[in-house]
């Protein structure tokens, strides 16, 4: 499986080079890295409001790229809810699940099924996802953004040790006003 992903990424990179649209691809298919400014986009919450990511400057933001069909996402979401969102929501923390390329009704059902209280947002065509990672790369992945709009932590898949490091980074950033 990992070999197929690497071959797919290599083929995609070659096509970008040949088409003159060379992009730098980092670990796990990311197009961004820690220290980069977070690419801006419009957030359209499922059944809710719209705003730009840049409107959240001054807050610590966790973008969780997810989808209802993703079993790893489903495994991780209760931990995000219980260990990050619930303890952090009364602070300057914003958690947004960015649902990859699914219609509103499916996203709302997913949110209800997962019993999460943080917002899920729509990402038609995976256009937001494509600002952060190769569209061929998969979800689950998390992007942690500091108060100034810089990326401070990235994850791929769900690994308890990495999750705990991410959680530490989030709460350290929240404590460093």
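The values are calculated or read from the model by the stated rules, or taken from the named source; none is laboratory data. These figures come from a predicted structure and were not determined experimentally. Note that we place each Cβ from the backbone using ideal geometry, even for glycine, and neighbour counts take in every protein chain shown.
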Determine whether residue 51 is surrounded by fewer than 16 Cβ atoms within 10 Å (Cβ to Cβ) and touching a strand residue (DSSP E or B) at 6+ places or on another chain (Cβ under 6 Å).
yes
Residue among 83, 76, 45 that is touching a residue at least 40 places away in the same chain (Cβ under 8 Å) and within 20 Å of residue 133 (Cβ to Cβ)
76
Quick check, is residue 40 surrounded by fewer than 18 Cβ atoms within 10 Å (Cβ to Cβ), at pLDDT 95 or above, within 21 Å of residue 151 (Cβ to Cβ) and touching a helix residue (DSSP H, G or I) at 6+ places or on another chain (Cβ under 8 Å)?
yes
In region 86-104, which residues are closer than 12 Å to residue 114 by Cβ and without any contact (Cβ under 8 Å) to a residue 40 or more places away in the chain?
97
Looking at region 68-80, can you tell me whether even one residue there is out of contact with any helix residue (DSSP H, G or I) (no Cβ under 6 Å at 6 or more places or on another chain) and in a loop (DSSP other than H, G, I, E, B)?
yes
Quick check on residue 24: is it in a loop (DSSP other than H, G, I, E, B), modelled with pLDDT under 95 and either within 26 Å of residue 165 (Cα to Cα) or in contact with a helix residue (DSSP H, G or I) (Cβ under 9 Å, 6 or more places away or on another chain) (or both)?
yes
Pick from region 109-131 the residues that are touching a residue at least 60 places away in the same chain (Cβ under 8 Å) and touching a strand residue (DSSP E or B) at 6+ places or on another chain (Cβ under 6 Å): which of them is surrounded by the fewest Cβ atoms within 10 Å (Cβ to Cβ)?
119
Can you report the number of residues in region 71-85 which are surrounded by 14 or more Cβ atoms within 10 Å (Cβ to Cβ) and out of contact with any strand residue (DSSP E or B) (no Cβ under 8 Å at 6 or more places or on another chain)?
5
